[in-house]
Amino acid sequence: MQKIPTHPCDRELIQFQGKIQPHGATLVIDKNSLEVKQASSTINQFLPLTAGQVLGKSVQELLEYISFNCSFEHGSYQQIKSLAGDCYLISHQSADCILLEFEPVLNYAYSSEMIMADMLDSMSSSATVIQALEAAAQKVKMISGFHRVMVYMFHEDGHGEVVAEVADKGLDPYLGLHYPASDIPKQARELYKKNLVRLIADVNATDSLLEKSEADETSSSVDLSDSVLRSVSPTHIQYLKNMGVAASFSISIVSQGELWGLIACHHYTPRHIDYRQRLHAKMVGQMLSSIVRYQVEEEKQQLHHYWRENTAGLVRQMRQFESIAEGVSTGSLDLLSINGAKGAALIYDGQITLVGQTPGKEFLMELSEFLQTAPTNQVFQTNHLSSIYPAAGSAALTASGMLCAPLSTDLKDCILWFKPELEQEIKWAGNPEKAVVLNPDGKTRIEPRSSFAIFIQSLKGRSEKWTTAELSNAYKLREEILLLIQEKTNQLKRLNDELKKAYEELDSFSYTISHDLKTPLATIYNFAELLLEEDPNLDNRLLTEKIKRNAERMQLMIKEVFRYTKLGREQISLQPIDMKTLLNQIREDLLDAYKDAQPEFQIGDTPEIYGDSTMISQVFSNLLGNAIKYSSKTNKPMIQVTGSAEQDAILYTVADNGIGMDPRHTGNLFNLFYRLPGAKNYEGTGLGLAIVKRIIEKHQGQLWFETEQNKGTRFYIRLKKVEQLELV
């Protein structure tokens, strides 16, 4: 593809060219010495001195020739007497110099108050923005007297359109014409934002050079960005000549800090307008900028805010559904709620979900395969899909424009938005393509367009363009969906891990129940048969007691199994727990149950715990019950429980002086149905510590122990403080 040359004005530093338009004069004053460092050759029109004579003179010396106020505030002006009669002295300040500019006063009858009142009346009576633009064009024509006044609006791609116009009779209308973005290069647009009004009085006039003294000849050119007389780019002058324009005047319309448009005035003979006229026209432009900002831009911002809010709402909605497809297509919001698209498709995990007006699924699958060759994994768009995917020509009615938000690096998963064909004819003021000219040195350059005859461009297979707000919302939604997919992936992994654990526990259940229930069942079966034989030598009461005891053992085991499995489904009800009251109640119950052992039961500090009261009660009942049970056969059973507050947790210790454990056999202590070899002579199911561990884990806590055979065991429980808990 041929590389289009850069427009010359994009490189041109026109504010440093050291030239001014000849209808005025400029002096450059050194800010420190207050001496004239540069002067335009036209200064002799206003002072009885040539440029060479005025160089090096101080501001005080100039007072011998003209009377003026020496305050020189930036952007101020004063009316003075000069050789040319009444003139304006306009001052500007930069980093190291002061610009003094002279312009003749012209006949101009309107006052600021009259212009302001008239403009306010016109603006307030305008029902639409277009009416306000037309009223502004009328006022500027009245102020300036130019043959043609247009309001020129920039589109998002930079090209301009004439949206309002007032012109003398007999002139061809420009209303509705479009101008390519290259007609006003980047450099010029930046200056339009800085200087809100710009006059070119005569395109055929010869510019006046700023002369320097010999001592300053090598000094850098002064920045004329703020100058009202600054010369114009030769390229722009040629552009105006090609249009047949002899004088031009422009007023910037700025909104949100950006150049929204221009009030562009054309005159077909040279025309110089008074400085106050330009200030009044500037007032009109500023009022129009306010209207644009608060009406046009406000409507746009409201729409963009609405889309942003819907994007956030759609993300919240997605989290309420099991699948992403349901989340973006079911409910009060859908994929069409976040931009101006008319149709959308979610292609995810091999499935297609459609919303609104879209091409068929077969077309979308083929489009998806094509998109997988795209060199991007970011949001991208086109308003002319058939230009990159010719097969889309058959789907132009629904899919001339496409916005794609990839959900996977290979683009197999993505969201597609579609805009329908917007068949239109654009009237350009001449062919919008610049002419590429070959220089004698073999390099190319772009010349200003020489023809402005209406050039009609018929656009088919194109949609309305995607805005930056639409792209931003698509990117935001994409990021949120990718995050949601990751969350669901992590959740699925956790569920798989839990399922794996559940299968392992189920295997353990199956093995243990089939093994451990055999003994009581065999006992019950055998003793029942003996009862049936009615052998007179048998003690029926003893047999019945054994049957009952084994049945109770089975019942306890079944109860514990049920309790353990129920823990996995139970929700935690968090509340502050008075541990002193809880532990005293558990102690009383256990002392009643173990009267024969007569253990010494000591309760130390009892800091409050934040947790599920029923579950925490199970934890301490089990640990303290085990402590009494396994120390009951010692000479002086001793049970101790105490708590302490750490920086971010509460630590409880349950200690006994019982049989202890052989460390070689403690690796499976918290496993289901596991019982230590030395504990066979004590009643139990092997489920108690497994239940305790599961409860502590549900509370995001920690459980560990220390033990020594025949010297006792010490269990530790650490539970988070309430502000550290992440439970819902």
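Using protein chains only and a probe of 1.4 angstrom, how many square angstrom of Tyr610 are accessible, to the nearest 10?
80 Å²
Per q in 0.16, 0.22, 0.25 1/Å, what log10 I(q)/I(0) does a Debye calculation on the alpha-carbon atoms of segment 246-305 return?
Per q value, in the given order, log10 I(q)/I(0) is -0.58, -0.86, -0.99.
Counting only protein chains, not ligands or nucleic acids, how are Thr42, Thr467 ordered by accessible area (probe 1.4 Å), most first?
Thr467, Thr42
With a Förster radius of 56 Å, plug the Cβ-Cβ distance of Leu83 and Thr468 into 1/(1 + (r/R0)^6) and report the FRET value to the nearest 0.05.
So, using R0 = 56 Å, E works out to roughly 0.55.
How many nm is it between the label spots at Thr409 and Glu697, if each spot is 7 Å from the Cα in line with the beta carbon?
Result for the modelled spin labels: 3.4 nm.
Can you give the FRET efficiency for Lys711 and Lys595, using 1/(1 + (r/R0)^6), R0 = 35 Å, r = Cβ-Cβ distance, to the nearest 0.05?
0.90
Which whole-percent values make up P(r) of segment 202-332 when all C-alpha to C-alpha distances are grouped in 5 Å steps starting at zero?
2, 8, 11, 12, 11, 10, 9, 8, 6, 5, 5, 5, 4, 3, 1, 1, 0
Just by accessible area at a 1.4 angstrom probe, what is the order of Leu385, Leu279 from largest to smallest?
Highest to lowest solvent-accessible surface, that is Leu279, Leu385.
Starting at 0 and stepping by 10 Å, how many percent of the alpha carbon pairs of segment 588-640 end up in each bin?
Reading the bins upward from 0: 22, 50, 24, 4.
In vacuo Debye scattering of segment 170-209, one point per C-alpha: log10 I(q)/I(0) at q = 0.34 Å⁻¹?
Taking Cα atoms of segment 170-209 as identical point scatterers yields -1.00.
Place a label point 7 angstrom from the Cα of Thr634 along the Cα-to-Cβ direction, then list the residues of segment 706-721 whose backbone nitrogen is under 14 Å away.
706-715
Once you have all Cα-Cα distances for segment 299-345, histogram them in 5 Å bins from zero and send the whole-percent values.
Reading upward from the zero bin: 5, 25, 28, 23, 12, 5, 2, 0.
Any idea how far apart Leu492 and Ser67 come out in nm if each label point goes 7 Å out from Cα toward Cβ?
That separation, rounded to one decimal, is 9.0 nm.
Any chance you could run the full-extension gain for Asn44 through His74? It's 0.36 nm times the residue separation minus the Cα-Cα distance, nm to one decimal.
On the way: separation 30, 0.36 × 30 = 10.80 nm, distance 2.43 nm.
Stretched fully, the Asn44-His74 segment lengthens by 8.4 nm.
If I stretch the segment between Asn584 and Glu217 completely, what's the gain in nm (0.36 nm per residue apart, minus their alpha carbon distance), one decimal?
Stretched out fully, the Asn584 to Glu217 stretch lengthens by 122.1 nm.
Which value, in Å² rounded to 10, gives the accessible area of Val284 with a 1.4 Å probe and all protein chains present?
0 Å²
Can you pick out the pairs among Lys193/Lys300; Lys186/Lys465; Lys139/Lys193; Lys31/Lys57; Lys37/Lys193; Lys300/Lys488 whose Cα atoms lie more than 25 Å from each other?
Too far apart for the 25 Å limit: Lys37/Lys193; Lys300/Lys488.
Could you sort Glu470, Glu498, Glu190, Glu161 by accessible area so the largest value comes first, with the probe set to 1.4 Å?
Working: Glu470 5, Glu498 115, Glu190 95, Glu161 40 Å².
Heavy-atom accessible area, descending, gives Glu498, Glu190, Glu161, Glu470.
At 7 Å along the Cα-to-beta-carbon direction for both Glu258 and Lys193, put a label point, then send me their distance in nm to one decimal.
Going by the 7 Å Cα→Cβ label model, 1.0 nm.
With contacts defined as alpha carbon pairs under 8 Å and 6 or more residues apart, what's the relative contact order of segment 571-664 in percent?
Dividing the mean separation by the residue count of segment 571-664 yields 30 percent.
Local charge sum around Val105 (other residues, Cβ-Cβ under 12 Å, Lys/Arg +1, Asp/Glu -1)? Please list the in-between numbers first.
On the way: positive: Lys81, Arg276; negative: Asp86, Glu103, Asp274.
Residues close to Val105 contribute a combined charge of -1.
Pop the C-beta distance of Gln372 and Gln320 into the FRET formula with R0 = 30 Å and round what comes out to the nearest 0.05. Intermediate values should be presented prior to the final figure.
On the way: r = 31 Å, r/R0 = 1.04.
In this case the efficiency is close to 0.45.
If you average 1/r over every pair of different alpha-carbon atoms in segment 21-168 and take one over that average, what Kirkwood value in Å do you get?
Kirkwood radius, segment 21-168: 18.3 Å.
Let me know the whole percent of all Cα-Cα pairs from segment 18-93 that are separated by more than 14 Å.
Of the Cα pairs, 61 percent sit more than 14 Å apart.
What is the local net charge at Ala246, summed over the other residues whose Cβ is closer than 10 Å to its Cβ (Lys, Arg +1; Asp, Glu -1)?
Summing Lys and Arg as +1 and Asp and Glu as -1 gives +1.
What span do the alpha-carbon atoms of segment 262-406 cover on each of the three principal axes, reported in whole Å from largest to smallest?
71, 38, 26
Starting from the amide H of Asp413, placed 1.01 Å from N in the peptide plane, find each other amide H under 5 Å away whose residue is 5 or more places distant or on another chain.
Leu407, Ser408
Please work out the C-alpha center-to-center distance from segment 408-423 to segment 13-79 and express it in whole Å.
62 Å
The values are calculated or read from the model by the stated rules, or taken from the named source; none is laboratory data. Since this is a predicted model, take the numbers as computed values, not measurements. When we count neighbours, we look across all protein chains shown, and the Cβ atoms used for this are built from the backbone with ideal geometry, even at glycine. The protein model used for the area step is the full one, side chains on, heavy atoms only, and it has no ligands, DNA or RNA in it. Shrake-Rupley method; radii C 1.70, N 1.55, O 1.52, S 1.80 Å.
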